[in-house]
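Q: First the structure, which I've put down as structure tokens, then a few questions once you've had a look.
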Amino acid sequence: VARRVERARRVLLQEQSRTREFVRVLRLRSQIEKLQMLLRVLERAHQPLSFAVEDVLQETLNFHNGVCDESVYTYDPLRPMLPKLRVKMDARDAALYLAGPRLKRVLLKL
């Protein structure tokens with residue numbers, strides 16, 4: 001359970017680090033579904049970790065609701081181009097992995 005919560009929080013932090021237009025809404029939705037199922041199981045078993053799952057689920061839901069209208073991943077005409085764009089964005093993130101946020105902004109403006 002702790003690993004699942006840690007993974008969900010990591011996914012949330014990864015998506016929060018992206019610009020709002022490029023957040024993977026489908027990935028967030030799948031995380032929300034998984035967390036909801038896990039929360040149901042934990043509540044039935046009266047596990048104390050259900051509070052941690054509930055916190056991550058609430059954060060993910062709030063972020064998803066704020067981003068779902070702005071993301072290009074919900075715009076159907078762009079859907080065929082998104083896999084290529086995703087590969088390029090991941091390559092860019094990997095190339096700038098060690099750079100700080102200020103340096104990234106400067107380099108991306110060039």
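Q: Which angle between 0 and 90 degrees, to the nearest 10, do you get for helix 50-67 versus the longest principal axis of the chain when only C-alpha atoms count?
A: Rounded to the nearest ten degrees, it is 40.
Q: If you don't mind, another one. Can you pull the one-decimal nm distance between simple spin-label points at Leu82 and Ser17, each 7 Å off the Cα toward Cβ?
A: Label-label distance for Leu82 and Ser17, simple model: 2.1 nm.
Q: Cα-based Rg (one decimal) and Dmax (whole number) for region 1-71, in Å?
A: Cα-based Rg and Dmax for region 1-71 come out at 12.3, 39 Å.
Q: With axes computed from alpha carbons, what is the tilt in degrees of helix 25-44 against the longest principal axis of the chain, rounded to the nearest 10 within 0 to 90?
A: Taking Cα atoms only, the helix is inclined about 10 degrees.
Q: Output the pairs from Lys34/Lys88; Lys84/Lys109; Lys84/Lys104 with a Cα-Cα distance over 26 Å in this structure; if there are none, say none. Could the numbers behind the result be given before it?
A: Working: Lys34/Lys88 28 Å; Lys84/Lys109 21 Å; Lys84/Lys104 21 Å.
Those over the limit are Lys34/Lys88.
Q: Charges at C-beta only: +1 for Lys and Arg, -1 for Asp and Glu. How large is the resulting dipole of region 13-110 about its Cα centre, in Debye rounded to 20? Before the final figure, lay out each step's value.
A: Details: 17 positive and 12 negative charges, 121 e Å.
Its charge dipole is roughly 580 debye.
Q: Lys/Arg Cβ at +1, Asp/Glu Cβ at -1, dipole of the chain taken about the Cα centre: which of Gln58, Met89, Phe22 is farthest positive-ward?
A: Value: Met89.
Q: Springs between alpha-carbon atoms under 10 Å, Gaussian network over the chain: tell me which of Glu54, Glu70, Glu43 tops the mean-square fluctuations.
A: Between Glu54, Glu70, Glu43, it is Glu43 that shows the largest mean-square fluctuation.
Where a number appears in this text, it was derived from the coordinates with a stated rule and is not lab data. Note that the structure is a prediction, hence the values are computed from the model and not measured. So basically every Cβ, Gly included, is an ideal-geometry build from the backbone, and we count neighbours across all protein chains shown.
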